[in-house]
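The values are calculated or read from the model by the stated rules, or taken from the named source; none is laboratory data. No experiment lies behind these values; they were computed from the predicted model shown. Note: ideal-geometry Cβ built from the backbone for every residue, glycine included; neighbour counts use all protein chains shown.
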Amino acid sequence: MRAFLTRAIGFLLALGLPVLGQSLVVPKEVQAGKPVVLEGRDLPEGRFPLVLEGPEGQETLEVEAQKGRFQLELHPKAPGEYRIRLSLPSGALEARFTALAPTTPELTQEGLKLPWGLLPLPPGDWLGPLVQGDKVYVAQGLLVVETSLKGEAVSFHFAPARILALRPGPEALLQGDWVLPIPFPPLPFEGHGEDLKALGTLLQALNPPKPWPYFAYWTQDPASLTPEDLEAYGQDLLARGHRPELFFGQPEVARMAEVSRSLRQKDPEKALLLAQALLRYTPLFPGSLAFFKETAQYLEAQGHPAQALRFQEAEKLLRTWLPPRLSLLSPALGTLGLAYLALMLYLFLFYLPAQIKDLKPIGGYLGGFWRHPLLRLRHLHLAYASLGERVLALALFLALGLGLLLQGLDAQVRKGLFASPLDQGTLRTQKAQDWLRTLPSTPEVKALLGYALLSEAPKEARDLLRETSLPFALALRGDETALAQAYRKAPLEGPIRTALGLGQDPWGAREPGPSVRTLYQALLQVELKRLLEDPFRGFLHLSTPLPEGVKPWAFVGFWLLLLYHLLTFLLPRRRTPVPPSWALGVRLLVPGSLGFSAGLGLVLLLLFAYGLLALLERKGPTLLILAYGLHLLGLALSLRRSA
């Protein structure tokens, strides 16, 4: 048998045919433009010529077989059929392969079709694909998926607003005509609730690796967040320009507080973790002070006084960042209004008999306006009042007017302060910057805009910061003199103390910046400036309880009444006597009427007005009875002295 095989091989060699087992191995199909490896097997030792024929012509190469093998990397550039011919002493070996045209990435219902296979994607309105070199990008909502033409590596990029288009660069066009490069810079989130809802669906389907940007954690159930998640959430908030001193009006922040409340009995440890994250990173949100107070009470009841104390002390510091509390303004205005009405009614009734007597010769109380209008003006009822009574009436009227003005300015400022774009916990959103540019160019507004632009345009920002002496603006200048001035103006501000090496507040080291109270003061000055520039339009613009149709008449009425008060100071006092019995009867009605010019009379009048207000609000007649009691006691003593 062995002799037979020897004779067969010799016969094949004589015919010039390749020996059995010698072969060229190459894939049947390859991608044009990508290298392919040709392998020779069971070959004789030595160097042999190899010819590669393809669409672009013929190429002659040389290979060296060692231990019966060789490998050669070929580079088919054009698509088409390729033929390989290797010349050996025993004959020629041939192999063929086809170079396919490069596969263009394509979005299908199943996902993204790529040269190496299919990248599964959840259904939705995907944008792209955008090919940049060997990188491929597709996007949906807030998420960009990046992959490669060469391999299965996948990266994820989170946009701060909804993506409208992908552009070469690569870059993305975001909602609001905002263009950013990919990967996106760490900017605050400026999307909407529906964007977060869509992002949550994508995260559930794709499960990108953590850490995520802070707004991606808002799509998750707060109860499912781990300590590592909360740490990454907070650090990303700080990295994107958010500040604990500013207000967070996002519903997702308030939802974390509600979940913390609900977990106090089921999972106290998770409830405390959420409360601590809220306190550390987003301490100012709707109802935050009440939430932290409840948390402190809960911890104290659970036997954790030290942790409770942390929340209690933090709550005190948080109050210093908020606008001043004007809760007493409303009852004060009610008291002033009732006191003013009571005084004017008293003066009208007290001097009415004398006024009627003097007006008879010129046509009577009403007829005098028609028969002798100028002479009638000399008999206004305040013309009979003493100088002290006229001054008190004017003072109450001005105090009431200024109080109403302050209430309107305060309401107008608070309406903007706790709404978009100032309720995002940062001033470094594009919307906040655009809004600040629309405000009157006061030094305070320039400082706020300078702070907002500090990371994007440092030179412009520092020029703006030099225009004001607000503490945070002084601290941001960077020189020691300005920092010392900032400390003298605000010695308790944590960032300023940190910059001077004097310790930190509970929120640690951070860049100096404005608080909600700083914004309130700046916006209050803006609204006041608008009011002074155009009083009529400014008054109509204020947030007052008056109906819109009544506001113009109220504005005109205020100035007419002020003119009336001022006019009475020019009139000589009428000396017509008042009947004693009538005077006593009227004085019985209004507490303090024995001496409105004196301090005690004013106190009794205000006590009477506040007591009447409390009675109208169904809080009891105690103060009203007290006012009348003191008034009647004083009246009795006065009558006794005069007797």
Every residue from the stretch 604-633 that is of a type in the set (Gly, Ala, Ser), over 46 Å from the mean Cα position of the chain (by Cα) and crowded, with 19+ Cβ neighbours inside 10 Å:
Ala627
Exactly one of Leu187, Leu180, Leu166 is in a strand (DSSP E or B), in contact with a Pro (Cβ under 9 Å, 6 or more places away or on another chain), over 21 Å from Leu107 (Cβ atoms) and assigned by TED's automatic domain parsing to the domain that holds Asp125, and that residue is Leu180
Scanning the stretch 400-428 residue by residue, the ones that are among the small types (Gly, Ala, Ser) and over 30 Å from His565 (Cβ atoms) total 4
Output the number of the condition that Leu343 fails; it satisfies all remaining conditions of (1) surrounded by fewer than 19 Cβ atoms within 10 Å (Cβ to Cβ); (2) in contact with an Asp or Glu (Cβ under 9 Å, 6 or more places away or on another chain); (3) not in a loop (DSSP other than H, G, I, E, B).
(1)
Out of Leu464, Leu492, report the one residue that is closer than 20 Å to Leu427 by Cβ and either touching a strand residue (DSSP E or B) at 6+ places or on another chain (Cβ under 9 Å) or at pLDDT below 95 (or both).
Leu464
Taking the criterion of being under 24 Å from the mean Cα position of the chain (by Cα) and more than 27 Å from Leu453 (Cβ to Cβ), would at least one residue in the stretch 177-193 satisfy it?
yes
Quick check: is even one residue across the stretch 516-528 over 13 Å from Leu448 (Cα atoms) and without any contact (Cβ under 8 Å) to a residue 12 or more places away in the chain?
no
Pairs where the first residue, in the stretch 603-620, is at negative phi and the second is surrounded by fewer than 21 Cβ atoms within 10 Å (Cβ to Cβ) and not in a helix (DSSP H, G or I), C-beta under 6 Å, 6+ apart
Leu615/Pro621
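Return the residues of the stretch 584-600 that are surrounded by fewer than 21 Cβ atoms within 10 Å (Cβ to Cβ) and not polar (S, T, N, Q); say none if nothing qualifies.
Leu584, Gly585, Val586, Arg587, Leu588, Leu589, Leu594, Gly595, Ala598, Gly599, Leu600
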Out of the stretch 111-140, which residues are closer than 22 Å to Glu171 by Cα and not in a strand (DSSP E or B)?
Leu121, Gly124, Asp125, Trp126, Gly133, Asp134
Looking at the stretch 450-482, which of the residues that are under 19 Å from Arg517 (Cα atoms) and in a loop (DSSP other than H, G, I, E, B) is nearest to the chain's Cα centre (by Cα)?
Leu470
I'd like to know if the stretch 80-92 contains one or more residues that are of a type in the set (Ser, Thr, Tyr), part of a strand (DSSP E or B), in contact with a strand residue (DSSP E or B) (Cβ under 7 Å, 6 or more places away or on another chain) and loosely packed, with under 15 Cβ neighbours inside 10 Å.
yes
Is one or more of the residues making up the stretch 597-613 over 23 Å from Leu630 (Cβ atoms), small (Gly, Ala, Ser) and either at pLDDT below 90 or assigned by TED's automatic domain parsing to the domain that holds Leu347 (or both)?
no
Inspect all residues belonging to the stretch 522-531 and state whether any of them is part of a helix (DSSP H, G or I) and over 35 Å from the mean Cα position of the chain (by Cα).
no
Hits in the stretch 259-308 (condition: in a helix (DSSP H, G or I), under 25 Å from Leu238 (Cβ atoms) and polar (S, T, N, Q)):
Ser260, Gln276, Ser288, Thr295, Gln307
Picked from the stretch 94-113 (must be exposed (fewer than 15 other Cβ atoms within 10 Å of the Cβ) and charged (D, E, K, R)), the residue farthest from Val26 (Cα to Cα) is Glu110
Yes or no: the stretch 434-445 includes at least one residue that is free of Cβ contacts under 8 Å to residues at least 12 places away in the same chain and part of a loop (DSSP other than H, G, I, E, B).
yes
